[in-house]
Amino acid sequence: MKKLNIYFTAGVPQLEDTAEIIQLIQDSGADMIEIGMPYSDPVADGPVIQKAHELALKNGMTIEKLFSQLKSIKNTITIPLILMGYINPVLSFGFEKFCKECSESGVSGLIIPDLPPIEFEKNYQKILEKYHLNFTFLITPETSDKRILYLDSLSSGFLYAVSSSSTTGNTNSDLKNEGYFSRISSLTLKNPVMIGFGIKTKQDFENVTEKADGGIIGTAFVDILLNHRDWKNKAIDFIHSIKA
């Protein structure tokens, strides 16, 4: 069974919606949840998720607030929760303190796209291991086989294969990038591979998971939260439509 990972930005549409959205995603049948930590300069993200970051910060979302929200539902969530964000806010919070809070809040892993692998190995890997947290690195179509194997060796949980060298939600993402996806699937990797960026429909999900273990949907889901008054029912219907 291919795994569905749903991303959303914490603190939208309203500050206190985060816990309810996590519960909704789990109850609708997703296999894991990626929670975006709002940041003022989310360079890897396209306009929809950038807008979500801006709204979340305006709503008053902080890392402290997010941990408090996660702790409130810790006992009802059984699927993996992954925090995704940028290194600066994490360092400001204190890396070890952050990891300790993750372990106490039911978080199982992190994705920090702008943390270089060398820095990770030198300064952070042991701290993550101490708190039993997975860490996922990203690869792109330009990543060499040698580097994919290296990033896979450092990763735990899963390896995040970006469908194209673009920002999230890019409509030009190549979801039929046969050469790239075949190349990944031909490598002997220790982690499952999840493909993300540009997946919007069940057909997209099926296309990418022919050669991968799962798919990550972010922009299409965040768009529902931002632009629909009836976002709860629409979000449930959307996840059901992918998993049907």
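The values are calculated or read from the model by the stated rules, or taken from the named source; none is laboratory data. Because the structure is predicted, anything quoted here is derived from the model rather than measured. Don't worry about glycine lacking a Cβ; one is built from the backbone with ideal geometry, like all the others, and counts go over all protein chains shown. All accessible areas refer to the heavy atoms of the entire protein, side chains included, with ligands and DNA or RNA removed. Shrake-Rupley method; radii C 1.70, N 1.55, O 1.52, S 1.80 Å.
Per residue, the chain exposes 44 Å² of accessible surface when a 1.4 Å probe is rolled over the protein heavy atoms with every protein chain present.
Label separation (ASN227 vs GLU210): 2.8 nm, computed from points 7 Å beyond Cα along the C-beta direction. Placing +1 on each Lys and Arg Cβ and -1 on each Asp and Glu Cβ, with no other charges, gives segment 1-91 a dipole about its Cα centre of roughly 140 debye. Shown here are the Rg and Dmax of the Cα trace of segment 55-180, at 15.9, 44 Å. Segment 37-99 to segment 187-242: how many Å between their Cα centroids? Spelled out, the Cα-based centre of one part sits 20 Å from the other. Quick one: net charge of GLU64's neighbours, Cβ under 12 Å, K/R +1, D/E -1? Local net charge: +2.
Shown for segment 56-169: the carbon plus sulfur share of the solvent-accessible area, taken with all protein chains present and a 1.4 angstrom probe, equals 53%. Each peptide in 100-108, 140-148, 236-244 receives the mean, over its residues, of other Cβ atoms within 10 Å, and ordering these scores from highest gives 100-108, 236-244, 140-148. Considering helices alone, the calculated mean residue ellipticity of the chain at 222 nm is -12500 deg cm²/dmol, with DSSP H runs of length four and up weighted by -39500 (n - 2.57) and normalised per residue. Modelled spin labels at THR78 and GLU20, positioned 7 Å past Cα toward Cβ, are 2.4 nm from each other.
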